[in-house]
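Participant: Please see the structure below; I have some questions.
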Amino acid sequence: MTQAKLSETLDKYGDRLWPLLPNEWHYRLKNSIHILELSKELKKRNFYLVTVIANDERELEDKCFKIYYLFSHPADNMFLITEMVLDNKQETYCSIAEVFKAARPFELEIGDLFGLYPAQRLGQEQSARPAEDRTKTFLHGSYPANFNPLRRHDNALLPETTERVTARYVEHSLPEPPTGELYLTVGPVHAGVIEPGRFSFRISGEIIEEVEIKLGYTHKGIERLFQTHYNLLEGWRLAEHVSGDSSFAHSLAYCKAVEALAGCHISKVAKLLRALFLEMERLVNHIGDTGALAHDIALELVAAELAVLREEMLRLNGEMTGSRFLRKLNRPGGLELPGTITGGFLENLWIRLEKITNKYQALAEPMLKGSHFRNRALGVGILKEEQALDLGATGMVARAAGLLRDFRLQHPFGPYGDAEVKAIIESHRGRYIENYGLDKYRGDVYSRFLQRMEEVETSKELIAYFIQCFKKFPPVTNYREELDLERVDNFVFGFGYVEGWRGDIVYWIMKDKFNRIYRCKIRDASTLNWPALKEALAPTNSSLRETLLADFPLINKSFNLSYSGNDL
């Protein structure tokens, strides 16, 4: 579809507003009911939903709630933002979940935090909304029903409510299982050092018939903290603690959103180093997760060796930046580093990194061929490509199912836009799946293991390319540009995005008139991939075996989603 045709379609439903960047189309809907018709049109054009943002703008010029939908074009580097204005005192809106299932987690979140619920049909009153739309995702049973912490006029209730919720906790009960079946609930507190989440399995013998995944136990009011405790230049401090294993990716997405607001142009060397650190973070986590998968099938010697390699990667990070987890580096405008990075230092880093990744391949390759791993992983926890597309899955999980979701290719920044970088990523895409002839198993635990190996090999080559590019720049000591936020209009928004190791991470930030954060909406890749995990556990109609209860830990680890990044 040409841009002219797309513009003609969009003009039927909304008025085009001036965008901050050329690849962002921003439309305000003429009527809120048009969102469903527009969504159907976008679905036909293969657009997909990236995130949904609710905002309380009742004290601003329009005096209402608004909901913003961010869509991505599947091939072109283009975003579409649609702004839906809710009429004064309107607290229901038209759901698009029947068109884009990825909207469902956001709609549940908006219900909790804003008290806005999707109407079952157009014109339906709030009091008549379906019971399932009152499901609590973040604010569990001990919170009062009328407590919505991101409503700006209800701030006075917050201290009193916080004191009351510590007094008691009410958990909803599960329905009666069918005859011959039973419920087995695991969590929210688990053995080992992992985050809390409750998994209620309905089982028939050893077969999982259904699972309910309840999250929100690590909800800590992150988005409200951005509003109350941080200005635009300091918000990176909180962003890098949203999900600890993705500290660099989260803080970078935050900084890019602020930079988009300010219209700041980052130096090429800063963009190059940002890309290098992103790939270092990707390597650390995929090496660590490969070891965790080995541990889950009792390959303890392999798991121990991979844990050592992960530790060596963390030490490399520490030597290069002063932080094992690449924290305190990103700033709006660029990077703050403890010293000057030289080409010689990076050459030494590459020698050590090459040894680590070569040893990783030597440990992971035999797992692919061993019957002990293949018997446990092949055909287990399948997420098909059409399911991934339907649910809006993203990142590594989507790619393992055969669906291309990679912001490094679709929405590149800095060196990711180079033809050489695109060629490196494309040359590795699906290579392991093809080499091992596993098309009928695509999307299972084994495929996600292969995808991790592919990611490690791709990151290794990208880092080698970035190091060679870095040598062409003269030595610099300043990797940061100053931002002039005073010239930026009040109450405008910008968004930033990166391809983290789990998938794309998106930050949407609105500025107030004091250069503070009026609203910050975060979307970690895990938000869209938790429903995909539930789908991968569901009974299958194929000839492959059904999912057993004993398979769950392995399937769960093959996704390795973030609880903290979801429970904002």
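Participant: Do the conditions hold for E546, that is, is it closer than 19 Å to A377 by Cβ and under 22 Å from the mean Cα position of the chain (by Cα)? Before the answer, list the steps.
Facilitator: Working: closer than 19 Å to A377 by Cβ: yes; under 22 Å from the mean Cα position of the chain (by Cα): no.
Here the answer is no, as E546 does not meet what is asked.
Participant: Look at G192 and say whether it is small (G, A, S) and not assigned by TED's automatic domain parsing to the domain that holds P332. Let's see the steps before the verdict.
Facilitator: Details: small (G, A, S): yes; not assigned by TED's automatic domain parsing to the domain that holds P332: yes.
Considered against the rule, which asks whether it is small (G, A, S) and not assigned by TED's automatic domain parsing to the domain that holds P332, G192 comes out as yes.
Participant: May I pose another question? Only one of E546, E486, E482 is part of a loop (DSSP other than H, G, I, E, B), in the same structural domain as A275 (by TED's automatic domain parsing) and touching a strand residue (DSSP E or B) at 6+ places or on another chain (Cβ under 6 Å); which? Explain how you work it out, then say what you get.
Facilitator: On the way: E486 fails: touching a strand residue (DSSP E or B) at 6+ places or on another chain (Cβ under 6 Å); E482 fails: touching a strand residue (DSSP E or B) at 6+ places or on another chain (Cβ under 6 Å).
From the options E546, E486, E482, the qualifying one is E546.
Participant: Now, a different point. Take region 463-507 and flag every residue that is within 20 Å of the chain's Cα centre (by Cα) and among the aliphatic types (A, V, I, L, M). Outline the logic, then answer.
Facilitator: Of the residues in region 463-507, the ones within 20 Å of the chain's Cα centre (by Cα) are 493-507.
Of everything in region 463-507, those that are within 20 Å of the chain's Cα centre (by Cα) and among the aliphatic types (A, V, I, L, M) turn out to be V498, I505, V506.
Participant: Would you be able to tell me the number of residues in region 70-103 that are more than 17 Å from H34 (Cα to Cα) and surrounded by 20 or more Cβ atoms within 10 Å (Cβ to Cβ)?
Facilitator: 4
Participant: For region 415-471: of the residues being among the basic types (K, R) and over 22 Å from W350 (Cα atoms), which is surrounded by the most Cβ atoms within 10 Å (Cβ to Cβ)?
Facilitator: Filtering region 415-471 down to residues among the basic types (K, R) leaves 422, 429, 431, 440, 442, 448, 452, 460, 471.
From the residues that got through so far, the ones that are over 22 Å from W350 (Cα atoms) too are 429, 431, 440, 442, 448.
Details: R429: 16, R431: 14, K440: 12, R442: 19, R448: 25.
Across region 415-471, the extreme among qualifying residues is R448.
Participant: Quick check: is even one residue across region 511-525 part of a helix (DSSP H, G or I) and either buried (at least 17 other Cβ atoms within 10 Å of the Cβ) or under 22 Å from the mean Cα position of the chain (by Cα) (or both)?
Facilitator: Filtering region 511-525 for residues part of a helix (DSSP H, G or I) gives 525.
Then keep just the ones that are either buried (at least 17 other Cβ atoms within 10 Å of the Cβ) or under 22 Å from the mean Cα position of the chain (by Cα) (or both); that gives 525.
Within region 511-525 (the criterion being part of a helix (DSSP H, G or I) and either buried (at least 17 other Cβ atoms within 10 Å of the Cβ) or under 22 Å from the mean Cα position of the chain (by Cα) (or both)), the answer is yes, since at least one residue qualifies.
Participant: Among the residues of region 290-315, which ones are closer than 26 Å to V380 by Cα, in contact (Cβ under 8 Å) with a residue 24 or more places away in the chain and not aliphatic (A, V, I, L, M)?
Facilitator: Those that are closer than 26 Å to V380 by Cα, in contact (Cβ under 8 Å) with a residue 24 or more places away in the chain and not aliphatic (A, V, I, L, M): T290, D296, E305.
The values are calculated or read from the model by the stated rules, or taken from the named source; none is laboratory data. None of these values were measured; they are calculated from a predicted model. Cβ coordinates were reconstructed from backbone atoms using ideal geometry, including for glycine residues, and neighbour counts include every protein chain displayed.
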